[in-house]
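K.L.:
Supplied in structure tokens, the structure appears directly below.
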Amino acid sequence: MINYIKYGFRWTTHPKTKDGIRKSKIEIAKNPKRFEIINFLLEQFKRETTYLEIGVRNPNHNFNKINADSKHSVDPGVEFKSNPVDFQLTSDAFFEALSAGKILTSDTRFDVIFIDGLHLAAQVDLDISNAFKFLKPDGFVVLHDCNPPTEWHAREDYYFNMTPAKGYWNGTTWKAFVKWRSNSEVQSCCVDTDWGIGILSKTAAIGGSIEGSNPFFEYDTFANDRKKYLNLIDFDQLKEKLLSS
């Protein structure tokens, strides 16, 4: 019991614990939220808009706040059991069925696809690749959780929350986003709000590619120059880039 109290006290008072808690509070307080950025992107199209959300959980948090003429939602229901979505599927199963014309139509294309599913790099990378197959030529792929404030927020195991990040989890989404940032055919940036809102486009001048100078995706290397790796900008800068193009 004495050791339990001693080490528990050391954990709660450790500088990294305090830093993680502090940075979580800072991130939570940031504005705008993801739905505001997505709605701004949708407003750029002078036509009826189509929107797809991968990884919905509670639709009141984002999906129901999106202003699009046509909206579709995908989630297997692991984290939100009532799961009131259009397609109760994993993203892989959804895109496979969409490709085969078993749901919607195989020629369905979206203006904005928002990816907020399983936050592990390999899955996010696959989701991005699949999203581009069903994106309109001038559309946007948007990702949540691209800017983890500490290595604890970027842990792989969501369920282990005895860390300075506690229950907050961005996973390794940042690795997939940085990988796509090195694709010369893709423009990209990350809005510094709401845990990092990554945006990918093949036409909008929002930020050129970078060389893959962090080949092993080490967190500290990324964190020490995250502005470069993410093309980290604020919302006003995003507006300026899109409204001036």
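K.L.:
Restricting attention to region 100-116, does a residue exist that is under 24 Å from Tyr159 (Cα atoms) and touching a Phe, Trp or Tyr at 6+ places or on another chain (Cβ under 9 Å)?
P.N.:
Of the residues in region 100-116, the ones under 24 Å from Tyr159 (Cα atoms) are 114-116.
The next check asks that each one be touching a Phe, Trp or Tyr at 6+ places or on another chain (Cβ under 9 Å); those that pass are 114.
Yes, that holds for at least one residue.
K.L.:
Taking region 204-242 on its own, how many of its residues are buried (at least 16 other Cβ atoms within 10 Å of the Cβ), among the charged types (D, E, K, R) and free of Cβ contacts under 8 Å to residues at least 60 places away in the same chain?
P.N.:
The total comes to 1.
K.L.:
Would you confirm whether any residue within region 215-238 is part of a loop (DSSP other than H, G, I, E, B), touching a helix residue (DSSP H, G or I) at 6+ places or on another chain (Cβ under 6 Å) and modelled with pLDDT of 95 or more?
P.N.:
yes
K.L.:
From Glu79, Glu53, grab the single residue that is outside any helix (DSSP H, G or I), closer than 17 Å to Val142 by Cα and out of contact with any Leu (no Cβ under 9 Å at 6 or more places or on another chain).
P.N.:
Details: Glu79 fails: closer than 17 Å to Val142 by Cα.
The unique qualifying residue is Glu53.
K.L.:
Kindly indicate whether any position in region 59-67 is touching a strand residue (DSSP E or B) at 6+ places or on another chain (Cβ under 8 Å) and of a type outside the set (A, V, I, L, M, F, W, C). I'd like the intermediate steps shown before the answer.
P.N.:
Our first condition is that a residue be touching a strand residue (DSSP E or B) at 6+ places or on another chain (Cβ under 8 Å); within region 59-67, this holds for 59, 62-63, 66.
If we keep only those that are of a type outside the set (A, V, I, L, M, F, W, C) as well, we get 59, 62.
Yes.
K.L.:
Here's something else I'd like to know. What residue, among those in region 85-104 that are in a helix (DSSP H, G or I) and hydrophobic (A, V, I, L, M, F, W, C), is surrounded by the most Cβ atoms within 10 Å (Cβ to Cβ)? Quick ask: steps written out before the conclusion?
P.N.:
First, the residues of region 85-104 that are in a helix (DSSP H, G or I): 91-99.
Add one more test, that the residue is hydrophobic (A, V, I, L, M, F, W, C), and what stays is 93-95, 97-98.
Working: Ala93: 14, Phe94: 27, Phe95: 21, Ala97: 15, Leu98: 23.
In this case the residue turns out to be Phe94.
K.L.:
Out of all the residues in region 19-40, which are over 30 Å from Asp111 (Cα atoms) and either among the acidic types (Asp, Glu) or out of contact with any Pro (no Cβ under 8 Å at 6 or more places or on another chain) (or both)?
P.N.:
Restricting attention to region 19-40, the residues satisfying the condition of being over 30 Å from Asp111 (Cα atoms) are 19-26.
The answer is Asp19, Arg22, Lys25.
K.L.:
One residue is enough: does region 10-29 have a residue meeting the conditions among the charged types (D, E, K, R), loosely packed, with under 11 Cβ neighbours inside 10 Å, at pLDDT below 95 and outside any loop (DSSP other than H, G, I, E, B)?
P.N.:
Yes, region 10-29 has at least one match.
K.L.:
Sticking with this structure for a sec: Looking only at residues that are buried (at least 23 other Cβ atoms within 10 Å of the Cβ) and of a type in the set (Phe, Trp, Tyr) in region 169-194, which one is nearest to Asn39 (Cα to Cα)?
P.N.:
Phe177
Yes/no per residue for (1) part of a helix (DSSP H, G or I); (2) at pLDDT 95 or above; (3) over 24 Å from Asn83 (Cα atoms):
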| residue | (1), (2), (3) |
| --- | --- |
| Asp145 | no, yes, no |
| Asp157 | no, yes, no |
| Tyr168 | no, yes, no |
| Lys175 | yes, yes, yes |
| Lys179 | yes, yes, yes |
| Ser188 | no, yes, yes |
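The values are calculated or read from the model by the stated rules, or taken from the named source; none is laboratory data. For clarity, every value in this text was computed on a predicted model and none was experimentally measured. Neighbour counts are summed over all protein chains in view; Cβ atoms, including those assigned to glycine, are modelled from backbone coordinates with ideal geometry.
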